[in-house]
1. What residue, among those in region 148-170 that are under 17 Å from residue 215 (Cα atoms) and among the acidic types (Asp, Glu), is surrounded by the fewest Cβ atoms within 10 Å (Cβ to Cβ)?
2. Residues that are at pLDDT 95 or above, of a type in the set (Gly, Ala, Ser) and either open to solvent by 10 Å² or more (accessible area, probe 1.4 Å) or not in a helix (DSSP H, G or I) (or both): does region 454-462 have at least one?
3. Anything in region 123-144 that is in contact with a Phe, Trp or Tyr (Cβ under 6 Å, 6 or more places away or on another chain) and under 18 Å from residue 432 (Cα atoms)? List them, or say none.
4. Out of 374, 430, 410, report the one residue that is over 26 Å from residue 122 (Cα atoms) and surrounded by 13 or more Cβ atoms within 10 Å (Cβ to Cβ).
5. Regarding residue 307, is this residue among the aromatic types (Phe, Trp, Tyr) and open to solvent by less than 10 Å² (accessible area, probe 1.4 Å)?
6. Residues 386, 401: which one is more than 25 Å from the chain's Cα centre (by Cα) and assigned to a loop (DSSP other than H, G, I, E, B)?
7. Give me the pairs: first residue in region 277-295 and assigned to a loop (DSSP other than H, G, I, E, B), second residue of a type in the set (D, E, K, R), beta-carbon distance under 6 Å, and six or more apart or on different chains, which are they?
8. Quickly run through region 105-160 and pick out the residues that are under 18 Å from residue 252 (Cα atoms), part of a loop (DSSP other than H, G, I, E, B) and over 18 Å from the mean Cα position of the chain (by Cα).
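The values are calculated or read from the model by the stated rules, or taken from the named source; none is laboratory data. Predicted model only: the values in this text are computed from it and were never measured. Every residue, glycine among them, receives a Cβ derived from its backbone with ideal geometry; neighbour counts consider all protein chains shown. Side chains are part of the model used for accessible areas, which takes the heavy atoms of the whole protein and leaves out ligands, DNA and RNA. Shrake-Rupley method; radii C 1.70, N 1.55, O 1.52, S 1.80 Å.
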Amino acid sequence: MARELLAESGDSDVEFLLPSRHYEDADRPSRPSRRLGMPSYISRRQSISCVVFVVASFAAFALFTLIIAPSQAGDLLTVVPATEVESEKSYVLGPPTQSFRDNLRNETKYITSWINAGWTNDVMTIGNLLYLAMITERVPIIPKFVPSHIGPEAPPIPFSDVFDVSRLSQALRIPILEWDQVKDSNSSTLDELGCWAVWPVTAEEDGVPPRDSPNVHSLILDISYTRAPAWVKLTPPGSNDKHASLWSLARLSFSEAREQAMSQPPEPSPQHQLSLPPDDHLLCYDYLYYTAVASAFEWSWDYSPVWRFVGRHMYWNTTLEKLAEEHARRAMNVQDNEPTPPYISIHVRHGDFRVYCNDLPEDQCWAPISAIARRVAEVQQELLERKGINVTNVIMTSDERDPNWWAQVRERGWTWVDYAAERTVEKYGRWYPLLLDAVLQSGGAGFVGTEYSTMTTVALRRVQDWNDGAVRMTKWGWPGADDH
C-alpha cells in the first residue's frame, strides 16, 4: 500500500495520505500531559566545590548537546511566554489597511504562510505555523481556508469561523492575527514581499517552483522567493521524503542563520520583477504542510509536538459546535427535553482513495461494513469496561455515494446527518457539510476511522484527548485487510 500523497497538484481536491498508527488494543497511547518545570534543589550546606562540579557538569552536557546533536536539543525546547496575552488588536496599528505594511508595528515581528493542501491538511499546516510562531516568538498571521475539497464556487472561510481563536490564543499564550485584521479584504493594493521557498527543496524534483496558493492571489501579493538552504530538510537528500524540519525553519528567523542561508539570489517577483530578500519583519514560507519536529507525518503519533502544544488547543468555534450538536440530535431523533446522548462516530473515506485499489474491485478493496461493525463493537466494549457507559448510538460520516452501501449502514442501526434533507448548504454554505462532519467526528465518546486518512488522524487525536475516548482504525486495500 503506497504511503505517498495521492496527488501533488496544488489545485487537487484530494486528501494526502498519512502512515497510521494502529490502536487495536485496549492499551492505547496515554494522553499527553503538560510539561512541568524542573526545580533545582541546592542545599545551603553543599560545599562550594560541589556546586562548581554540578554547574560544570551541566555546562559540559549543554555544550556536548549543542555540538554533537543540535537537532535533538532543539526538539526538547518549547518557548511559551509566561505573560498574559494582550488583545490581538494591540499587535496591529489599527483597522485593516490597503497595504499590510501600513498596519504592522515596527517593534513586533510577524510570521505567516499559505495553504493549499486540502482542508484537513490545511488545519495541520496552520498548526505547524503556530508552532513555528511559538518557537520563534513571532506573531502569526493566519490565512483563510481555501475550498480545495469542496469546489471553487465556495468562498474562502476565515480561520475564526471554524476555530475558537481567543481560547487558542490564551492556551498558547501568544497573540494570533488573521489576514483580514491586517489588510483590507477589499484592497486593490499590490504588496511586494520576500519569502522563503521550502517546497522546491523538500520536493527534490528538478524545476519544482515554490508552492502556489489562492491566498497569495486573494491578498494581492507579489512575492519574490529565495530558495531555502538544503539543511532545512528533515531527512537526508534522496530519502524519498518531503518533510522540512520545523526547528531548522525556525533558524531562518534569526539573523546569524539567515545570513548564512542567503547563498542563492532571490527569484524575481512575477508582477514587478523585484528580487527581494526574505522579509525579516514578516517572515514567510511558501508551504508548511510537510514539516515536522522529529519524524515525517508525526501527527499520527501520540508524541507529536505540534499536536500536543498546538493542535489539541484548536477547539471549535462555539457557533459551529452548537450547529453540529443540533444536527447530531436530529440524526439520533433526540427529543427537545432530553440531553444529547453519547455516540460513536465513524469516518469512512472512499472517494479519491479508489486510486489505491488498483485493479481490485471495490468490494475487495474497502473494509466491508462487517469489519467496521467489528471495530465499533470493540469501541463499545472498551467504553463499557473502562468508563462504565453503554454507547448504542452510532453516527456515520463518509464520502461514499453508493445508496446500497448506505442501506447496509442503516441495517446496522446506525445513522447519519442527511445534509440534503437538512438543507445545510442552502442555509449555511458549501463549507458546512465538511465542517460539521469534522465536529461530529470529534464529539464521539468513541471513534472508528479509515487508515491513511488525515481527517481520521486528526479526529482520532481529538476524541482521545478531548473526550478520553476509545478509538480504532479500519485497514483496507486488499481482501481481509482488517481481519484480526
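1. Looking at residues that are under 17 Å from residue 215 (Cα atoms) and among the acidic types (Asp, Glu), I get 153.
2. First pass over region 454-462, keeping only residues at pLDDT 95 or above: 454-462.
Narrowing the set further to residues that are of a type in the set (Gly, Ala, Ser) leaves 459.
Next, from what is left, pick out any that are either open to solvent by 10 Å² or more (accessible area, probe 1.4 Å) or not in a helix (DSSP H, G or I) (or both): none.
No, region 454-462 has no match at all.
3. none
4. Numbers: 430 fails: over 26 Å from residue 122 (Cα atoms); 410 fails: surrounded by 13 or more Cβ atoms within 10 Å (Cβ to Cβ).
Result: 374 is the single residue among 374, 430, 410 that is over 26 Å from residue 122 (Cα atoms) and surrounded by 13 or more Cβ atoms within 10 Å (Cβ to Cβ).
5. Numbers: among the aromatic types (Phe, Trp, Tyr): yes; open to solvent by less than 10 Å² (accessible area, probe 1.4 Å): yes.
Judged against the criteria, residue 307 is a match.
6. Details: 386 fails: assigned to a loop (DSSP other than H, G, I, E, B).
Of 386, 401, the one residue that is more than 25 Å from the chain's Cα centre (by Cα) and assigned to a loop (DSSP other than H, G, I, E, B) is 401.
7. Pairs found: 286/211; 287/211; 290/242; 293/75; 294/75.
8. 108, 109, 137, 138
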